[in-house]
Amino acid sequence: MTQPTTARVRRRTGFVHDLCAIAGRALRQMPRDPVPVVLAIFVPAFFYTTNIGMFANLVRQATSVSYKGFLVPMAIAFAVTGTSRAPVLVTDVAGGYFDRLCMTPVRRSALVLGMMAADTALIVLLCAPVLAIAFGLGVRFATGAAGVALFVAFAGLWGWAFTGIPYAIALKTGSPAAISASYGLFFPLFFLSDAVVPRGELAGWYQAIASYNPITYLVEALRSLILTGWQPWVLAKGAIALGALGTVSLSAALVALRGRTSRSR
């Protein structure tokens, strides 16, 4: 009886178990602090509607593009960026809870990856109200229901890729102020892309910068699902950009985790 019981315990306490335990704790904490979720819906809805009011006629005259559909990736990017439990991680570090976790048999990588998994689940849910606003304004996907599903998957992966950056900063510094500042990294990347205005209408130098910005290719991949239908190369470039960003941010988070756990021993 001892061997089967031991095997069952090992299965229950494997990496997946640890990941689910950390993610579950993070998800249970979210309803206690609803303000970030409310802001993640309000801010993109505000920018989406105000940008339509300011630029829709200009863009239609210049390109004949449906600006309501064109702008949806911008709204989604605003909704999912910054949706992170990194401030909670800072609190755990400051309060000693993180150190206590490091003394348990929990896999160290699960401490961060579990919180990132919870963030990704929330990001997928946040897509629903933003898309509902777009659908209410008459936006339709050229790729149909399958395109909507892929759109949400891309959005979830973008949020996952970006969220490694605030986690890395949280583990490295333990500073709430540094976490707040990290979200400012998004705005230069975002506004130096074609997220708000078609790339062909940008000034020459601005267009050149946007061509090297990975956010441009993510936004164009999302936009193609709405406006132009299935474009494999456009989607592939978006996936490559996501992979590059995710590799950098996840590597930074794991390196910072290694440094933090070595200090916790």
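Every residue, every condition in (1) of a type in the set (A, V, I, L, M); (2) over 22 Å from ALA79 (Cα atoms); (3) surrounded by fewer than 16 Cβ atoms within 10 Å (Cβ to Cβ), yes or no:
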{"site": "PHE186", "(1), (2), (3)": "no, no, no"}
{"site": "TYR206", "(1), (2), (3)": "no, yes, no"}
{"site": "ALA210", "(1), (2), (3)": "yes, no, no"}
{"site": "ARG260", "(1), (2), (3)": "no, yes, no"}
Report task. Considering only the range 121-210, give the helices (runs of 4 or more DSSP H) lying wholly within it that have at least 1 residues that are among the aromatic types (Phe, Trp, Tyr) and out of contact with any helix residue (DSSP H, G or I) (no Cβ under 6 Å at 6 or more places or on another chain). Result -> 144-173, 186-191
Requested in this report: From (1) farther than 14 Å from ALA21 by Cβ; (2) in contact with a Leu (Cβ under 8 Å, 6 or more places away or on another chain); (3) free of Cβ contacts under 8 Å to residues at least 24 places away in the same chain, pick out the condition that doesn't hold for LEU122.
Outcome: (3)
Query raised in the report: Within the range 81-98, how many residues are outside any helix (DSSP H, G or I), of a type outside the set (Lys, Arg) and touching a residue at least 24 places away in the same chain (Cβ under 8 Å)?
Result: 4
Report summary line: Restricting attention to the range 95-136, the residues that are surrounded by fewer than 15 Cβ atoms within 10 Å (Cβ to Cβ), more than 23 Å from the chain's Cα centre (by Cα) and either closer than 18 Å to LEU227 by Cβ or not β-branched (Val, Ile, Thr) (or both) number exactly 7
Report summary line: Conditions (1) modelled with pLDDT of 85 or more; (2) under 15 Å from THR81 (Cβ atoms) -> ALA195 fails only (1)
Query raised in the report: Counting just the residues of the range 47-60 that are surrounded by fewer than 13 Cβ atoms within 10 Å (Cβ to Cβ) and either of a type outside the set (Val, Ile, Thr) or touching a residue at least 40 places away in the same chain (Cβ under 8 Å) (or both), which one comes out nearest to PHE135 (Cα to Cα)?
Result: GLY53
Query - Subset of the range 193-241 [farther than 16 Å from VAL148 by Cα and among the acidic types (Asp, Glu)] - result: ASP194, GLU201
Report task. Mind listing whichever residues of the range 74-98 are under 13 Å from LEU131 (Cα atoms) and either in contact with an Asp or Glu (Cβ under 8 Å, 6 or more places away or on another chain) or of a type in the set (Gly, Ala, Ser) (or both)? Result -> ALA75, ALA77, ALA79
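The values are calculated or read from the model by the stated rules, or taken from the named source; none is laboratory data. Small disclaimer: the values here were computed from a predicted structure and weren't measured. Cβ sites come from the backbone with ideal geometry, for glycine too, and all protein chains shown count toward neighbours.
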